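A short worksheet on the structure shown next.
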Amino acid sequence: MAELDTKPAAADSGNKVKTHKKSTKVDLTAMVDLAFLLITFFILTTTLQKPTAMDLAMPDNERDIRMNVPESRTMTVLIGAKDKLEWFIGVPDKPLSKPRVDDFGKNGIRKALLEQSDRIRQSQGKDMIVLIKPSDQSNYANVVNLMDELNITNIERRAIVDITPNEISLLKKDHIYGQ
């Protein structure tokens, strides 16, 4: 491991008293081996960060699936621009509740989801169905935030569907579309 060299320094001519210089030499082979063993150990025992993805079941593209859902159990959420959304119960042609503009968060859409889900469950004894309709002015983060709110409120019946021109005109009327 460590070696001590006790050889005398080079001899000079003359009668001077010579001091012996001692040099040290450290062999680092074992330390390098240990370092590589530790690096290998930590590489093999660490877990890498697992990718996080949202589970989303999508129907087959080959079949056109149409389901009749009761309007009284359906909440339609239109996602507009400026991190705003509009929701109502029923269909856009004849909504059962007045369309309301809201934002994301616990005092916005989460509160509406909880209240409407409880109301529908108490009156009909069934779960609420949420139709999510993102516009071309909305962004991906808003859709993910809405899906997170649905997960938080334990609403499992949901669908992402295309927005209609009537619904876009509703967003324009309430100033959350365009610019």
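The values are calculated or read from the model by the stated rules, or taken from the named source; none is laboratory data. Keep in mind that what you see is a predicted model, and the values were worked out from it rather than measured. Cβ coordinates were reconstructed from backbone atoms using ideal geometry, including for glycine residues, and neighbour counts include every protein chain displayed.
A few points about this structure:
- Residue satisfying all of: in region 63-111; of a type in the set (G, A, S) and either surrounded by fewer than 20 Cβ atoms within 10 Å (Cβ to Cβ) or more than 19 Å from N142 (Cβ to Cβ) (or both); nearest to the chain's Cα centre (by Cα) among these: G105
- Complete set of residues in region 137-179 that are at negative phi, more than 17 Å from the chain's Cα centre (by Cα) and without any contact (Cβ under 8 Å) to a residue 24 or more places away in the chain: P165, S169, K172, K173
- Per the listing K111, K106, K94, K82, the residue uniquely of a type in the set (D, E, K, R) and modelled with pLDDT of 85 or more is K111.
- Positions within region 124-179 being acidic (D, E), surrounded by fewer than 20 Cβ atoms within 10 Å (Cβ to Cβ) and farther than 16 Å from L114 by Cα, in sequence order: D136, D162, D174
- If you go through region 141-179 and keep only what is of a type in the set (S, T, N, Q), under 22 Å from K126 (Cα atoms) and not in a loop (DSSP other than H, G, I, E, B), you end up with just N151.
- For region 90-108, the count of residues that are under 14 Å from I163 (Cα atoms), without any contact (Cβ under 8 Å) to a residue 24 or more places away in the chain and not acidic (D, E) is at least one.
- Yes/no for I89 being more than 23 Å from P70 (Cα to Cα), of a type in the set (V, I, T) and modelled with pLDDT of 85 or more: no
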